[in-house]
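The values are calculated or read from the model by the stated rules, or taken from the named source; none is laboratory data. Not measured: the values here are computed from a predicted model. Here the Cβ positions follow ideal geometry from the backbone for every residue, glycine too, while neighbour counts run over all protein chains shown.
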Amino acid sequence: MDTETTILDRKTSSDHATLADKFNLDEPRVDWHDKTLWFIRKKRDKAASQLQEWEQLRAVASDIKNNVLANLHTYLLAFERNAQQHGITVHWASDAAEHNKIVHKIIEKTGIKQVVKSKSMLTEECHLNAYLKTQGIEVIDTDLGERIVQLAGEPPSHIVLPCIHWKKEEIGELFSHHLGTPEGNSDPQFLTAAARIHLRQHFMSSRLAITGVNFAVAETGEIVVCTNEGNADLGVQLADVHIACVGIEKIIPLRKHLGVFLRLLARSATGQPITTYSSHFQKPRKGQEMHIVLVDNGRSKRLGSADFRNALKCIRCGACMNTCPVYRRSGGHSYHYAIAGPIGAILAPGLDMKKHADLPFASTLCGSCSNVCPVKIDIHDQLYKWRQLLAQNRKVGITKRVAANTMAYILSHHTLYTFAGTAGRWLMKYVPFIISNRFNPWYKQREMPKPPEHSFARWYHQNRNFK
Amino acid sequence: MSSRDHILEVIRKNQPKGLPLQEIAFSDGEPFDKISKFTTVLESIGGTVIPINEWGEVEAYLNQRFSTEKRWVNLVPELRNLAPLADFTEDPHLLENVMVAILPGHFGVAENGAVWITEELMGDRALPFICEHLALIIRAENIFPTLHDAYTHIDKSQYGFGTYIAGPSKTADIEQSLVLGAHGPKSLMLFLITET
């Protein structure tokens, strides 16, 4: 992209639009990516339609999460007390840096140099792996998809399907390089078996396991971790030390509420009725050490914002990504944040408005994300509200700002509006190159419409009397 | 001020006023046959359901499928003849060569094919995950229609560690191709006792 408008519009070379352009250079691949995710979205629809109480479940889940936001103080204290009673050490981290330091300190005390970790978007958000590396500790991601992107030196591109952007031939090549599999073998069955052998060695040798948390129950002090592969369990059950990292918004009040959330989570994520394993950790194994790190990192501040606090209800199912027409065609990495897609686009600006100012614009505001969200987050409304806030804080590019202000002025002045309409139709008809050129971002990859003969106002006046 | 106190203070100040929790009341919907639903769902996610009328059928099935030369671990008292009841005082890493683990489950859930099992039934927490093949046994009358019913039954019991197991370990991370046996068991056999 080398036009003037884009240079004016884009402050960095790595904003969403630029990265999406890069992803779109390979059109067949974009089509494949789009179709794969839509296939998962359809599986979700099928699973949802099989429960006649689906909409009621969403409503109840949303109510429970609203109740959590209103009583988070009480629930966190109850969770801490109950977990401690069961012999779990509870830590609190204000931000990513403190989280990383706490985790490092626990590992350092054991003298362990290599640890296994199951999927945790929180540790991605905090860049834990990179931090531990600087401290001389290697983290082995054990979810197959996460291990693939880790070997490739990339972050996950999707919170549930970390390597959804990788083709099996590329994975075959990657494994051939790192795991010594025969060149040219890209059979998923074979590659999965190779990864099983490779990771089993790490499960057997690692004495410390880090996991994320899907739900933390205030009433019982237990945490629930869901996987299909069994990697979280294999890691934890064979380790002397278990560290579970959890965002403070993952609290739910009562154990029985798990019935609601576990019914929604996997169906929304991949269309499965439930994940293979839904493990409830209430006490450490005899002789095992268990730590829970509660992480704030901007969440308590967001709780004070009536417009944006609802994003804290998220259970990280990824349904909003699978359905999003922009995500499906721009890829997870174009969001340059640990959590991609619509939910990432409303979470990221809360952490750093300047750095993520582009993300709320990576949407058509079609609202599909809000319609599939199992906890009824008003995602597309929040995208719109972020845009307004960003504009007020002058965090949008000059072209967009000038264009929007000009439009606002024209639309609020009747005579000017009528004149602009006439002028626009004349220009599009007789000198189309004035509009259809590379300086107009709306012309990019689009045919401009044929100008109508008359304005709607004129058509209306002519036709209103014909009934 | 410690991070803990600071976080809690900001939350107390920022949390909105909210509504009290509502009771969860889901209508049972259309009544359905729990056993056939459980069977259909579990088979659709890669499990094998074997209805049995007597314990001997478990033995016959497993003997036919797995070599007795390999290591079997049994925790079902009624199957003592098949393999002696295992005793666990050792390191969980030593379970790595287990070919078949045979464990009793508490109950099944019809809507999702999951079986609830807690650690006192596992012998060792690692066993259901590290074994090559897993056989679970439940009684047909212990199948609940939904997860809500399951949690009503679990209620406030203490379990240290408990898990729902729904089918064999699996992944579809490579181009959405489903592969059974990701890190855990490659197959899950569910023996469903209908008569004894």
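For residues in the range A:173-204 being out of contact with any helix residue (DSSP H, G or I) (no Cβ under 9 Å at 6 or more places or on another chain) and among the small types (Gly, Ala, Ser), which is nearest to B:Glu175 (Cα to Cα)?
A:Ala193
From the list A:Gln189, A:Gln150, exactly one residue is modelled with pLDDT of 95 or more, within 14 Å of chain B (Cβ to nearest Cβ) and within 30 Å of A:Gly247 (Cα to Cα). Which is it?
A:Gln150
How do the helices (runs of 4 or more DSSP H) wholly within the range A:73-190 filter down when requiring 1 or more residues that are farther than 30 Å from B:Gln15 by Cβ and of a type outside the set (Gly, Ala, Ser): which remain?
A:96-110, A:128-134, A:144-151, A:168-178
Scan A:Leu254, A:Leu258 and give me the residue that is crowded, with 24+ Cβ neighbours inside 10 Å and under 30 Å from B:Asp124 (Cα atoms).
None of the others qualify; the one that does is A:Leu258.
Can you tell which of A:Asn71, A:Asn82 is at the interface with another protein chain (Cβ under 8 Å from one of its Cβ atoms) and out of contact with any helix residue (DSSP H, G or I) (no Cβ under 6 Å at 6 or more places or on another chain)?
It is A:Asn71.
Those residues that are of a type outside the set (Val, Ile, Thr), facing another protein chain (nearest Cβ under 10 Å) and not in a strand (DSSP E or B), I need them from the range A:208-235; list them, please. I'd like the intermediate steps shown before the answer.
Keep residues of the range A:208-235 that are of a type outside the set (Val, Ile, Thr), which gives A:208-209, A:212, A:214-216, A:218-219, A:221-222, A:226, A:228-235.
Still in the running and facing another protein chain (nearest Cβ under 10 Å): A:219, A:222, A:226, A:228-235.
Answer for the range A:208-235, where residues must be of a type outside the set (Val, Ile, Thr), facing another protein chain (nearest Cβ under 10 Å) and not in a strand (DSSP E or B): A:Glu219, A:Glu222, A:Asn228, A:Glu229, A:Gly230, A:Asn231, A:Ala232, A:Asp233, A:Leu234, A:Gly235.
Restricting attention to the range B:120-140, report how many residues are small (Gly, Ala, Ser) and either within 7 Å of another protein chain (Cβ to nearest Cβ) or within 30 Å of A:Trp54 (Cα to Cα) (or both).
So the answer is 2.
Going through the range B:133-147 one residue at a time, which ones are in contact (Cβ under 8 Å) with a residue 60 or more places away in the chain, under 21 Å from B:Leu75 (Cβ atoms) and surrounded by fewer than 20 Cβ atoms within 10 Å (Cβ to Cβ)? Full working, then the answer.
From the range B:133-147, those in contact (Cβ under 8 Å) with a residue 60 or more places away in the chain are B:133, B:135, B:137, B:140, B:143-146; that's our starting set.
Filter again for under 21 Å from B:Leu75 (Cβ atoms), leaving B:133, B:135, B:137, B:140, B:143.
The answer is B:Ala140, and nothing else.
Residue-by-condition table, conditions (1) assigned to a helix (DSSP H, G or I); (2) under 11 Å from the mean Cα position of the chain (by Cα); (3) buried (at least 23 other Cβ atoms within 10 Å of the Cβ); (4) in contact (Cβ under 8 Å) with a residue 12 or more places away in the chain:
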| position | (1), (2), (3), (4) |
| --- | --- |
| B:Leu82 | no, no, no, yes |
| B:Phe88 | no, no, no, yes |
| B:Leu94 | yes, no, no, no |
| B:Met99 | no, no, no, yes |
| B:Trp116 | no, yes, yes, yes |
| B:Arg125 | no, no, yes, yes |
| B:Pro128 | yes, yes, yes, yes |
| B:Lys156 | no, no, no, no |
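Of all residues being of a type in the set (A, V, I, L, M, F, W, C) and either within 13 Å of chain B (Cβ to nearest Cβ) or farther than 28 Å from A:Leu161 by Cα (or both) in the range A:108-129, which is surrounded by the fewest Cβ atoms within 10 Å (Cβ to Cβ)? Just the residue, please.
Out of the qualifying residues, it is A:Ile112.
Which of the helices (runs of 4 or more DSSP H) contained wholly in the range A:248-355 include at least 2 residues that are more than 9 Å from chain B (Cβ to nearest Cβ)?
Because the criterion is at least 2 residues that are more than 9 Å from chain B (Cβ to nearest Cβ), the helices (runs of 4 or more DSSP H) in the range A:248-355 that meet it are A:257-269, A:319-323, A:325-330, A:341-351.
Kindly indicate whether A:Ala357 is surrounded by 20 or more Cβ atoms within 10 Å (Cβ to Cβ) and closer than 30 Å to A:Phe39 by Cβ.
In short, no.
Which ones in the range A:174-193 are within 17 Å of A:Leu234 (Cβ to Cβ) and in contact (Cβ under 8 Å) with a residue 12 or more places away in the chain? Walk me through it before giving the result.
So in the range A:174-193, the residues within 17 Å of A:Leu234 (Cβ to Cβ) come out as A:192-193.
Passing the criteria: only A:Thr192.
From B:Glu78, B:Glu23, B:Glu57, which residue is farther than 23 Å from B:Gly113 by Cβ and away from every other protein chain (no Cβ under 14 Å)?
That would be B:Glu78, the only listed residue that is farther than 23 Å from B:Gly113 by Cβ and away from every other protein chain (no Cβ under 14 Å).
Report, ordered by the first and then the second residue, all pairs with beta carbons closer than 6 Å, sequence separation of six or more or different chains, a first member in the range B:51-80 that is over 27 Å from B:Thr40 (Cβ atoms), and a second member that is part of a helix (DSSP H, G or I).
B:Arg71/B:Asn97
So which residues in the range B:104-114 are buried (at least 23 other Cβ atoms within 10 Å of the Cβ) and under 18 Å from A:Asp233 (Cα atoms), if there are any at all?
Residue satisfying the conditions is B:Ala114 alone.
Within the range B:1-19, take every residue that is loosely packed, with under 11 Cβ neighbours inside 10 Å and within 7 Å of another protein chain (Cβ to nearest Cβ) and give me the one that is modelled with the lowest pLDDT.
Here the answer is B:Leu19.
All but one of (1) more than 7 Å from chain A (Cβ to nearest Cβ); (2) assigned to a helix (DSSP H, G or I); (3) of a type outside the set (D, E, K, R) hold for B:Pro31; state the number of the condition that does not hold.
(2)
Hey, among B:Ile174, B:Ile143, B:Ile165, which residue is facing chain A (nearest Cβ under 7 Å), in contact with a Lys or Arg (Cβ under 7 Å, 6 or more places away or on another chain) and not charged (D, E, K, R)?
Sole residue among the options that is facing chain A (nearest Cβ under 7 Å), in contact with a Lys or Arg (Cβ under 7 Å, 6 or more places away or on another chain) and not charged (D, E, K, R): B:Ile174.
Which of (1) surrounded by fewer than 20 Cβ atoms within 10 Å (Cβ to Cβ); (2) away from chain B (no Cβ under 14 Å); (3) in contact with a His (Cβ under 8 Å, 6 or more places away or on another chain) is the odd one out, the single condition A:Ser94 does not satisfy?
If we test A:Ser94 against (1) surrounded by fewer than 20 Cβ atoms within 10 Å (Cβ to Cβ); (2) away from chain B (no Cβ under 14 Å); (3) in contact with a His (Cβ under 8 Å, 6 or more places away or on another chain), just (2) comes out false.
Considering only residues that are more than 30 Å from A:Leu25 (Cβ to Cβ) and surrounded by 13 or more Cβ atoms within 10 Å (Cβ to Cβ), which ones fall in the range A:429-464?
A:Pro451, A:Pro452, A:His454, A:Ser455, A:Arg458, listed by residue number.
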